[in-house]
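Here's the structure, in structure tokens; my notes come after.
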Amino acid sequence: MSGASESALRVSAAQRSDSGARAVNEDSMGLRVPSGSLLTLKGVAAVIADGVSSARAGREASETCVQSFLNDYYSTPESWTVKTSAQRVLSALNHWLYSRGRAFREAEEGYITTLSALVIKGNVAHLFHVGDTRIARIRDGSMELLTTDHAVHVRGDQAYLGRAMGMDVNLHVDYRETPVREGDVFLLTTDGIHAHLSPDEIVKRITEAGCGSAVDWDVVCSELIDAAKHAGSPDNLTCQVICIERISDASGQPIDPALLSLPFPPLLARGMKIDGHRVERELHASARSQVYLVEQEATGRLLAMKTPSVNYEDERGYIERFVMEPWIGRRIRSPHVAAVVDPGSAPTWLYYLQEYVPGETLAEWMRAHPEPDIPEVLRIVDQIAKGLTAMHRRETYHRDLKPDNVLIGSDGIVRIVDLGSCYVSGLQEAAGVAREELPLGTERYSAPEVARGEASGMRGDLFSFASIVYEMLTGSLPYGEDTQKTSAAWLRSARYRSSIERNPMIPVWMDAALRRALALDPAERYGELSEFLYDLRHPNAALPISYAHAMSDRQRADRWRNVAVALVLLYIVTLAWLAA
């Protein structure tokens, strides 16, 4: 079996299984080499399983694991990383096997199997392992074992599995990732083979075959099985071979390459038409893009059309990022994230369409409500959080959350817009997603690590989110207006200013929650967005919430100065009284 497509990764592979000396083959195997964008976003997957014969349902367990892993892994969101996708699938599989086997536990007919899975995405191999099946890599004439057997040795050659799928309700899967090189050969085997063939013999047979599409890997698999039989293997025998012919060379794309060559639209004016959409007016413009209100002539529906700035017509990274915006938007389904709309036909210009939300931005709302009621602030905050949560569940992080990118509709629904700076974890693993050299995000609201261009996930968005909440409540930002967060000097001198100092109506526990969410060190912030939301409404005894802690340094200095003045006055009065 071989796989090749317009994306860069190309492999040749084969697999074979034999019952050997046993009447029933309880081994299972599966291999999938997709094509097109699925190869770029999900990679090549191979999985091998050895059902535990003493469990009696081992064969069904191994077959279920292999088939379900391949089907479910490729059905997970494309924005997820390999690790997230595979671990979610394996956890669900283990729960099913364990629940299924509980009814047969007394008769020792549980659904138990070992499992090793290999996913090659871009130029990285991701390994998932539980049990005593194995994954090895043959490189430069030597073999490296990449997994560790979960076998407990009792005495002599006697051993039992210490870990397996379906054995326990809590599953611990070994995970490892390792770079791959062209010419690498990955070998997955059950113990019917690796327990009876030496590494030298395995390496000899594979290196003699070479690597490439001309190699008949089916023959190599058959030779390994026959050699293990000849060596006296009494077990089922299964092996898979995957040879890396070519790794990602940054040419693959998770989106239609034709979109990248579309011309930029000119600046649009009222009455102009583009692909059946008539321009009504400009809604927003910046140095990076324009947003227009357009009417879809076929339906009469009002939509928002976003077009790229002609300033970046020659910037490949900018174009790729712009094209990725609707790709990301279509994969996030939430009433609190502006929906991307299908244009209905192939576009002839580079743009994309979103639902039109009549209303105002959060920045406009804040100017109109300089002293809002706290319950009203929390109503808006809760909706922003729901939109962020929907993004984070897809391992997608906004990275440019600010009041101008939050819309409050006339229907009262709050929506997040502008996905142009999003970080999508799954895409970062994929080859061919060019990295833009332009700075992303708005430094005024960005976490320090984001402003420096470092990778940041939920905690980066949390800092921006908390900055917005702070500004809604106080009209100011927690670290001042003129922030230079990329500066080491700024980091040394920056001090959080209590929100209570600016708005005495803010409860002390709310300020404590803001203080933690706005910590300059991301490790000191909340680990979950939901924790921050809960602490905004409820006192948390683990957080310092006293008035003394909420005071600024200046307030504390003023307080002690006043105390000192009062003591001096008291001393003078006392002296005067004694003199009298």
Go through (1) closer than 22 Å to Asp184 by Cβ; (2) within 37 Å of the chain's Cα centre (by Cα) and name the single condition Ala214 misses. (2)
Mind checking whether some residue in region 349-356 is in contact (Cβ under 8 Å) with a residue 12 or more places away in the chain and over 14 Å from Lys306 (Cα atoms)? no
Pairs under 8 Å by beta carbon, first residue assigned to a helix (DSSP H, G or I) in region 449-472, partner of a type in the set (Asp, Glu), six or more apart or different chains? Ala451/Glu443; Met458/Glu528; Gly460/Glu449; Ser464/Asp400
Can you work out which of the residues in region 183-209 that are in contact with a helix residue (DSSP H, G or I) (Cβ under 9 Å, 6 or more places away or on another chain) and not in a helix (DSSP H, G or I) is nearest to Ser248 (Cα to Cα)? Val185
Residue identified as within 19 Å of Gly420 (Cα to Cα) and touching a Lys or Arg at 6+ places or on another chain (Cβ under 8 Å) among Ile328, Ile319, Ile332, Ile244: Ile332
Only one of (1) free of Cβ contacts under 8 Å to residues at least 24 places away in the same chain; (2) crowded, with 18+ Cβ neighbours inside 10 Å; (3) under 29 Å from Ser198 (Cβ atoms) is not met by Gly131, so which one is it? (1)
If you scan region 210-241, which residues turn out to be in a loop (DSSP other than H, G, I, E, B), in contact (Cβ under 8 Å) with a residue 40 or more places away in the chain and out of contact with any helix residue (DSSP H, G or I) (no Cβ under 9 Å at 6 or more places or on another chain)? Cys211, Gly212, Ser213
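Every number here is computed from the coordinates shown, using simple stated rules; none is lab data. Nothing here was measured: the structure is a model prediction, and the numbers come from that model. Cβ coordinates were reconstructed from backbone atoms using ideal geometry, including for glycine residues, and neighbour counts include every protein chain displayed.
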